[in-house]
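Q: Mind having a look at this structure? Questions to follow.
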Amino acid sequence: MMHDLLKMADLNKEEILDILNLAMQLKYETKNGIAHKHLAGQTLGMIFQKASTRTRVSFETGMYQLGGQALFLSSRDLQIGRGEPVEDTARVLSRYLDGIMIRTFAQKEVEDLAEYASIPIINGLTDYCHPCQVLADLQTIREFKGGFDGLKMCYIGDGNNMANSLIVGGLTVGMKVSVACPEGYHPDAQVLDFAKPYGDTFKLTDNVLEAAKDADVLFTDVWASMGQEGEAEKRKIAFKGYQINDEVMDVAAKDAMVQHCLPAHREEEITAKVFEAHANEIFEEAENRLHAQKAVMVKLMQKK
């Protein structure tokens, strides 16, 4: 039984499907005004060392809908931002809160928090991975495609936290996964090791059209993630051609869907034309952050 959600590799296929089933149930109840106060009286602490739109709003709203409350804790507000060891922060907050969501830079900080906390820890994003986003992505794929069997997922762009989590999540639920990244911007070595036993089910290439061929779902992300703004011009050169555009859509499956974790930089990693043609799928994906995260919180925080 899971105690924390630190990375996608923490979850097996059964656990992912269990979360997605609950997410769909909670989505239905939300849409139909059916109360689901599973976390009544509970408090989630939200530690933000990286700013966010979707993460903050979806977790805060989700806790409210589940009958609890969320506390926004920026690194400016916490002693952790002034040098208090993470293990002390973890032990103190465990005595006040029922769960912690943290959005930060280093994966080690999340892992250390989980080691010393006695309450569930949820990774809201690190430089290494973004499990909550990918659970929402998988929920959206299942809604639009009916399942995962026989599907091919393709990711184009930077081998960043999104690529890392999509590779693990896609392979775990049984999809073929292809990734197109330029040399020097490959996914994390740990993730590539995870993919090795999957053989031909996983493909890493620098050829965008080869990766996108017959893909049922296409993913991309910004070329320069938060904290990499100083590399923006260098990355524009490196990622030239790593774009979801008409040429890519032409080689993908006829009914291919497009996903983007947002924010999107139109005419960089995706053209405005393709983005708008698939806006319904992309914003359903954004909405599903709310429902997938509510499911994670219920699974981790509901008193048994």
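Q: Which one of the conditions (1) touching an Asp or Glu at 6+ places or on another chain (Cβ under 8 Å); (2) of a type outside the set (Asp, Glu); (3) surrounded by fewer than 20 Cβ atoms within 10 Å (Cβ to Cβ) does residue 205 fail to meet, given that it meets all the rest?
A: Among (1) touching an Asp or Glu at 6+ places or on another chain (Cβ under 8 Å); (2) of a type outside the set (Asp, Glu); (3) surrounded by fewer than 20 Cβ atoms within 10 Å (Cβ to Cβ), the lone unmet condition for residue 205 is (1).
Each row is one residue, and each column tells you yes or no for (1) part of a loop (DSSP other than H, G, I, E, B); (2) touching a Phe, Trp or Tyr at 6+ places or on another chain (Cβ under 8 Å); (3) among the polar types (S, T, N, Q).
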residue: 184; (1), (2), (3): yes, no, no
residue: 194; (1), (2), (3): no, no, no
residue: 200; (1), (2), (3): no, no, no
residue: 219; (1), (2), (3): no, yes, no
residue: 225; (1), (2), (3): yes, no, yes
residue: 233; (1), (2), (3): no, no, no
residue: 237; (1), (2), (3): no, no, no
residue: 242; (1), (2), (3): yes, yes, no
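Residue-by-condition table, conditions (1) modelled with pLDDT of 95 or more; (2) surrounded by 21 or more Cβ atoms within 10 Å (Cβ to Cβ); (3) over 25 Å from residue 21 (Cβ atoms):
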residue: 76; (1), (2), (3): no, no, yes
residue: 81; (1), (2), (3): no, no, yes
residue: 93; (1), (2), (3): yes, yes, yes
residue: 99; (1), (2), (3): yes, yes, no
residue: 102; (1), (2), (3): yes, yes, yes
residue: 117; (1), (2), (3): yes, yes, yes
residue: 123; (1), (2), (3): yes, yes, no
residue: 127; (1), (2), (3): yes, no, yes
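Q: Being basic (Lys, Arg), under 18 Å from the mean Cα position of the chain (by Cα) and either at pLDDT 95 or above or in a loop (DSSP other than H, G, I, E, B) (or both) narrows it down to one of 50, 37, so name that one.
A: 50
Q: Further, regarding this structure: For the range 105-142, what are the residues that are in a loop (DSSP other than H, G, I, E, B) and under 16 Å from residue 297 (Cβ atoms)?
A: Answer for the range 105-142, where residues must be in a loop (DSSP other than H, G, I, E, B) and under 16 Å from residue 297 (Cβ atoms): 117, 119, 120.
Q: Restricting to the range 15-51, and then to whatever is within 17 Å of residue 142 (Cβ to Cβ) and among the charged types (D, E, K, R), can you tell me which residue is surrounded by the fewest Cβ atoms within 10 Å (Cβ to Cβ)?
A: Among those residues, the one meeting the criterion is 31.
Q: Let me ask you something else. Of everything in the range 125-180, what is in contact with a strand residue (DSSP E or B) (Cβ under 6 Å, 6 or more places away or on another chain), in contact (Cβ under 8 Å) with a residue 60 or more places away in the chain and basic (Lys, Arg)? Give them in sequence order.
A: 152
Q: Specify the residue that is farthest from the chain's Cα centre (by Cα); the eligible residues are those in the range 232-266 that are within 26 Å of residue 51 (Cβ to Cβ) and surrounded by fewer than 12 Cβ atoms within 10 Å (Cβ to Cβ).
A: 233
Q: Follow-up. Find the residue count for the range 193-202, including only residues that are surrounded by fewer than 18 Cβ atoms within 10 Å (Cβ to Cβ) and touching a residue at least 24 places away in the same chain (Cβ under 8 Å).
A: So the count comes out to 2.
Q: Further question on the same structure: Give the residues of the range 1-34 that are in a helix (DSSP H, G or I), of a type outside the set (D, E, K, R) and either modelled with pLDDT under 95 or over 15 Å from the mean Cα position of the chain (by Cα) (or both), sorted by residue number.
A: Hits for the range 1-34 are 17, 21, 22, 24, 25, 26, 28, 30.
Q: Assess whether residue 110 counts as being closer than 22 Å to residue 161 by Cα, surrounded by fewer than 16 Cβ atoms within 10 Å (Cβ to Cβ) and of a type in the set (Val, Ile, Thr).
A: no
Q: Take the residues in the range 148-180 that are in a loop (DSSP other than H, G, I, E, B) and either outside the structural domain of residue 202 (by TED's automatic domain parsing) or on the phi < 0 side of the Ramachandran plot (or both), then tell me which one is surrounded by the most Cβ atoms within 10 Å (Cβ to Cβ).
A: Looking at the filtered set, the residue picked out is 158.
The values are calculated or read from the model by the stated rules, or taken from the named source; none is laboratory data. Keep in mind that this is a model prediction, so the values were computed, not measured. Note: ideal-geometry Cβ built from the backbone for every residue, glycine included; neighbour counts use all protein chains shown.
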